[in-house]
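Below is one structure, written out as structure tokens, with a few remarks after it.
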Amino acid sequence: MRLSTKGRYAVMAMVDLAMHSDGRPVALAAIAERQEISLSYLEQLFARLKRNALVKSVRGPGGGYLLARGADGTRVSDIILAVDEPIRATRCDPNSPHGCTSTKMRCATHDLWAELSNQIHLFLSSVTLADIVNRRVLGASGRLMGGDAASAAATVSALAGAAE
């Protein structure tokens with residue numbers, strides 16, 4: 001599964017906002033500069049984030065954006081879904097009555113990719129902006145994989161080698 005720039009940039013910008021806000025609005029121009037994202041692209045993303053009640057805007061001098069729910073209340077999955085980024089690994093349209101093959105059947109690996117999509121969504125739903133800002137994301141995966149980042153990396157390498 002590949003996450004598009006829309007989803008990645010939205011998460012990057014929201015993490016930047018969480019890191020630099022300190023209760024004061026943050027200008028999109030400052031986020032654009034720090035994250036090296038086009039200001040006009042950020043404006044489009046923040047319009048969607050605002051529409052989905054993830055950010056609120058403050059007008060006037062010293063204006064900008066604030067997190068609407070705070071860093072602890074903002075999940076990564078909410079950000080990605082707010083910018084219309086699907087969280088799925090299948091090539092099938094979930095709303096289509098047809099399958100993903102030319103014979104209108106589901107492909108043999110459909111359930112595998114659908115479950116992967118579910119797991120990705122569950123993971124992204126469990127991670128908040130506060131987790132990223134406080135660097136708790138890597139630590140959690142290290143504990144799950146055997147206690148430290150080195151063993152987690154070794155496990156991922158072994159799995160990647162087995163898949164080839």
Inset, instruction - Please enumerate the residues belonging to region 21-46 that are among the basic types (Lys, Arg) and not in a helix (DSSP H, G or I). - result: Arg24
Legend entry - Flag for Leu81 being in a strand (DSSP E or B), modelled with pLDDT of 75 or more, of a type in the set (A, V, I, L, M, F, W, C) and under 22 Å from Arg51 (Cβ atoms): no
Inset, instruction - Only residues that are among the aliphatic types (A, V, I, L, M), exposed (fewer than 12 other Cβ atoms within 10 Å of the Cβ) and modelled with pLDDT of 80 or more: list them for region 113-144, please. - result: Leu122
Inset, instruction - Those residues that are more than 14 Å from Gly7 (Cβ to Cβ) and either in contact with a strand residue (DSSP E or B) (Cβ under 7 Å, 6 or more places away or on another chain) or buried (at least 16 other Cβ atoms within 10 Å of the Cβ) (or both), I need them from region 22-45; list them, please. - result: Pro25, Val26, Ala27, Leu28, Ile31, Ala32
Inset, instruction - Considering each of Arg75, Arg88, Arg51 in turn, give the residue that is out of contact with any Gly (no Cβ under 8 Å at 6 or more places or on another chain), of a type in the set (Lys, Arg) and loosely packed, with under 15 Cβ neighbours inside 10 Å. - result: Arg51
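For region 51-74, check the following and say yes or no: at least one residue is part of a helix (DSSP H, G or I), touching a residue at least 12 places away in the same chain (Cβ under 8 Å) and farther than 18 Å from Leu124 by Cα.
Residues of region 51-74 part of a helix (DSSP H, G or I): 51.
Next cut, touching a residue at least 12 places away in the same chain (Cβ under 8 Å) only: 51.
Cutting the leftovers down to farther than 18 Å from Leu124 by Cα gives us 51.
Yes, some residue in region 51-74 is part of a helix (DSSP H, G or I), touching a residue at least 12 places away in the same chain (Cβ under 8 Å) and farther than 18 Å from Leu124 by Cα.
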Legend entry - Unmet criterion (only one of (1) modelled with pLDDT of 95 or more; (2) in contact with a strand residue (DSSP E or B) (Cβ under 9 Å, 6 or more places away or on another chain)) for Gly63: (1)
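The values are calculated or read from the model by the stated rules, or taken from the named source; none is laboratory data. Note that the coordinates shown come from a computational prediction; the quantities given were computed from them, not determined experimentally. Using ideal geometry, Cβ is built from the backbone for each residue, glycine included, and neighbour counts are taken over all protein chains shown.
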